[in-house]
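Worksheet for the structure shown next.
The values are calculated or read from the model by the stated rules, or taken from the named source; none is laboratory data. Given the structure is predicted, the values throughout are model-derived calculations rather than measurements. When we count neighbours, we look across all protein chains shown, and the Cβ atoms used for this are built from the backbone with ideal geometry, even at glycine. SASA here: full protein model, heavy atoms, side chains in, ligands and nucleic acids out. Shrake-Rupley method; radii C 1.70, N 1.55, O 1.52, S 1.80 Å.
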Amino acid sequence: MFINLFAFVPNIFVNYMNSIDTAYLERCISTLDKAFGLLQQSKVDEIDYDMYRSACVKEYEIIIEQCGKLLRKCLKPYYHSSKAVDQLYFKEVFKQCALRSIIDIELCERFLEYRDNKNNTAPDYGVNFAQETLLLLPKFINDAALITAAINKQNNDTP
């Protein structure tokens, strides 16, 4: 005799299991925002400037990866299997999210540029990479918050 144990699980518990937790992403965005603010208050020739710049670059990279990871989870209901989503290339995740109106096309394009900046300049990890990245940060912080909002909206729209 087969007993369906999931028949007794309340719907609220099932929905909780399917929701995407954005707490870590939100924390990273707050950390980046704070580090960037402190960086702007520091003098270029001080050690504090180097510390805050390094923190900004690290958080920038973490946020890009986290956005991709969480958007991948948003796509799972649109595919026949989780494996199909897991096989998507990083940039394809953003394109598929734009195609399905999870994020808008302009936000998708900007994130593809952020990813290119990370991949093209990160191997040297020199001052040039940091300076190029710092120029992107004001818009990037706002865009990362938009990604978080899109993920949270997806959580609320999921039955």
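For segment 77-121, give the percent of accessible area contributed by carbon and sulfur heavy atoms, probe 1.4 Å, rounded to a whole number.
Percent of accessible area from carbon and sulfur atoms in segment 77-121: 47.
How much length would be gained if the chain were fully extended between ILE62 and SER101, taking 0.36 nm per residue of separation minus their Cα-Cα distance, in nm to one decimal?
Once the chain is fully extended between ILE62 and SER101, it gains 11.6 nm.
With all protein chains present and a 1.4 Å probe, how do GLU61, GLU113, GLU106, GLU26 order by accessible area, largest first?
Descending accessible area places them as GLU113, GLU106, GLU26, GLU61.
Computed FRET efficiency, Cβ-Cβ of ASN128 and LYS91, R0 22 Å: what is it to the nearest 0.05?
0.40
In sequence order, what are the phi-derived ³J(HN,Hα) couplings for segment 112-119 according to the Karplus relation 6.51 cos²θ - 1.76 cosθ + 1.60 with θ = phi - 60°, rounded to whole Hz, with x for glycine and proline?
Working through the residues one at a time gives 5, 5, 4, 5, 4, 4, 4, 6 Hz.
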